[in-house]
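Take a look at the structure below.
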Amino acid sequence: SAASQPYRTSFHFQPPKNWMNDPNGPMFYNGYYHLFYQWNPYAAVWGNITWGHAVSTDMIHWDILELALVPDQWYDQYGCWSGSATFINGKPVLLYTGWSNVSFSRDNQVQMQAMAIAANYSDPLLREWTKLPQNPILTAPVGINSTKFRDPTTAWLGEDGKWRMIIGAKRKHRGVALLYRSSDFIQWEKAKHPLHTVALTGMWECPDFYPVPASASITGLDTSANGPHVKHVLKVSLDDTKHDYYTVGTYITSSDSFIASNANLDAGLGLRYDYGKYYASKTFFDSKKNRRILLGWVNESSSELADIAKDWSSLQAFPRIVWLDEEDNDRLLQWPIEEIEMLRKEKFSLKSSQIDKGATVKVEGVKSAQLDVLVDFELPQLNGAEEMVVNTNNAQQLCSVRGATRSGVLGPFGLLVLASEDLSEQTAVFFYIMSNGEGKWNALICNDQSRSTLAADTDKTPYGSFIPLSGMEKTLSLRVLVDHSIVETFAQGGKVCITSRVYPTKAIEDKAQLYLFNNGSVPVHLRELTAWDMETVHIGSI
Ligand code: DQQ
């Protein structure tokens, strides 16, 4: 019941119980979206990893089917780890990593790549999957430790008609995306050079590699699409820090290599999909609506004991579309898929008003822990901004140091979500504008969960990043999805995203309220705030 499970979500995907992690093999086939996910059938902690399988016609409501892959072969007996789906002549196949430790295997391999095909392609639900007798189709190459060889991507076709895919690996301290080629999808040959590698980034888990239109169009592309009007994105999940980094660049087909558009933003060094909890993400091309969808795993900020007590752990982030930012071609924009709008119920709005220094303005009527909130602030006069160097290295730290409750000049101002009546519990999402002292400005953007709950035993570290400002922007905008124990922020049209997990004890269900606040000395002008109370989706099983 809701009373005993205040942290279960209403419109985020989660199985009825137990542990979940990475999204695997997402795809659209014959009218259904398929989501596979790393799942432990036995407990709310990681282990015994299988592929759970859910289907949906809208990525909103889901039905859970039989497990797609379970550890039942010598090469995957300890777990069916992450992988991807590829369409071969219109039919999806799965590549995944088997985790084993079998002395009779060729060279004592630990991580091996395996393949599964649907048992019946005319079943639109693709309920049953068959592992190939040829498995494992790949073992770790010479020079790669077989505990650092996993997570095959969706494959793409080169001009020579051969398939390519990458596999995450590590060589010394370098993260590596090993490149493999195949004509028949079963015999794979390692290319001499990896697709890409970056020093000192550690193990690259769950790599993802896909094209985006260079014209910054919102339209997505099939993974094999290429040509002069295409840029490529390489995403790597850094095992050392548990963050997902993406890089926009060029795929050089003559050498089968990737070059970052901006070397400072190379794989594992530059921009993140999300500055909160968000890991092992994966995209897919949605041929139904011609868009590229991003899914990501959001784990808990509570203790393992709390997970065991509530009998589940982790969520999938709300599906996002991703495309190139036309104002900054090194950046991607992300936005919740439009299907979310079907969940909007009662609407609450605040029109143009001034939020004075120290003010806290309640959005009357909102009594819900499941909300979609959009807010636009007028960009204040930047002249008065406090001087402070804001960069990738200190942004998160500044969110703590200059937190929501401290007074500043141009901020902090923003929203308080999942706030109790007495404000003793509140999760702040705020902007704080800083001058760099050289005629440039940055908007620090933070999710501050340091006051999100009165309970102990949860990690309440604030998260944040920054958005460079030219001064020509008319507005600063936020969209925040609130869903009981998750707060997903999309700042400035999706330039920066921040996902938090929070566990309020008082601000739950209809006790959860919404406020605007300004702790800056300069008044802030609200253009408009709109908040919708949201429906609860169906997650069943068939
Ligand atoms: N999770 C899987 C691995 C992957 C890791 C195992 C990333 O395949 O590298 O559950 O979270």
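Things to note:
- No Cys partner within the rule (Cβ under 4.7 Å), the chain: CYS80, CYS206, CYS497
- Neighbours of ASP72 by Cβ distance under 15 Å: Lys/Arg scored +1, Asp/Glu scored -1, total -2.
- Within straight-line cross-link reach of LYS362, lysines at Cα separation under 16 Å, skipping those fewer than 8 residues along the same chain: LYS347, LYS351, LYS511
- Amide proton proximity set for LEU333, modelled H, under 5 Å, gap of 5+: TRP323, LEU324, ASP325
- Note, ³J(HN,Hα) from phi for region 377-387, Karplus 6.51, -1.76, 1.60, rounded to Hz, x at Gly and Pro: 10, 6, 5, x, 4, 7, 3, x, 3, 5, 8
- Relative contact order of the chain, pairs being alpha-carbon contacts under 8 Å that are 6 or more residues apart, as %: 14 percent
- Considering only ALA260, ALA306, SER287, and ranking their Cα positions along the charge dipole of region 259-328 that arises from unit charges at the beta-carbon of Lys, Arg, Asp and Glu, the one farthest toward the positive end is SER287.
- If you take all other residues with their beta carbon under 15 Å from the beta carbon of ALA404, and give Lys and Arg +1 and Asp and Glu -1, the sum is +3.
- Distant-in-sequence amide H partners of ILE49 (H built 1.01 Å from N, under 5 Å): CYS80
- Mean Cα-pair separation over length for region 22-338, i.e. relative contact order, pairs under 8 Å, 6 or more apart, %: 12 percent
- Dipole-positive endmost among LEU415, VAL480, GLY52 within the chain (Cβ charges, Cα centre): GLY52
- Label-point gap, in nm, between THR405 and ASN436 - each point 7 angstrom along Cα→Cβ: 3.2 nm
- Gain in span if fully extended, SER182 to GLU386, counting 0.36 nm per residue against the direct Cα distance: 67.8 nm
- Approximate spin-label separation MET342-ASP356, in nm, with each point projected 7 Å along Cα-to-Cβ: 4.6 nm
- Magnitude of the charge dipole, region 344-534, Cβ model with Lys/Arg +1 and Asp/Glu -1, debye to 20: 160 debye
- ³J(HN,Hα) computed for each position of region 502-518 - Karplus, 6.51 cos²θ - 1.76 cosθ + 1.60, integer Hz, glycine/proline x: 9, 9, x, 9, 9, 7, 10, 6, 7, 9, 8, 10, 10, 9, 9, 8, 9
- Within-11-Å neighbourhood charge of SER521 [Cβ basis; K, R +1; D, E -1]: -1
- The charge dipole of the chain, taken about its Cα centre with unit charges on the Cβ of Lys, Arg, Asp and Glu (plus for the first two, minus for the last two), comes to roughly 780 debye.
- You can think of it this way: the chain between VAL102 and GLU528 has 147.2 nm of extra reach, that is 0.36 nm per residue less the Cα-Cα gap.
- Simple rule: put +1 on each Lys or Arg Cβ and -1 on each Asp or Glu Cβ in region 440-513, find the dipole, and look at SER470, THR458, ILE445; the Cα lying farthest toward the positive end is SER470.
- At R0 = 51 Å, FRET efficiency that the Cβ-Cβ distance of GLU66 and SER470 yields, to 0.05: 0.45
- Residues whose placed amide H lies under 5 Å from that of ASN21, excluding near-sequence neighbours: GLN38, TRP39
- Here the simple spin-label model places points 7 Å from the Cα toward Cβ, and for ILE542 and LYS242 these points are separated by 3.5 nm.
- Only alpha carbons enter this Debye calculation for the chain, each as an equal point scatterer, and the log10 of I(q)/I(0) it gives at q = 0.11 Å⁻¹ is -0.96.
- Distance violations [Cα-Cα > 28 Å] among LYS17/LYS172; LYS17/LYS282; LYS170/LYS440; LYS288/LYS460: LYS17/LYS172; LYS170/LYS440; LYS288/LYS460
- Region 396-430-region 219-253 distance, computed between alpha-carbon centres (Å): 34 Å
- Of all DSSP-defined beta bridges confined to region 344-534, some 95% are antiparallel rather than parallel.
- Once the chain from ARG127 to TRP74 is taken as fully extended at 0.36 nm per residue, the excess over their C-alpha distance is 16.8 nm.
- Distance from region 111-158 to region 514-542 (C-alpha centre basis), Å: 42 Å
No lab work stands behind these numbers, since they all come straight from the coordinates. Note that the structure is a prediction, hence the values are computed from the model and not measured. Neighbour counts run over all protein chains shown; Cβ positions are idealised from the backbone, glycine included.
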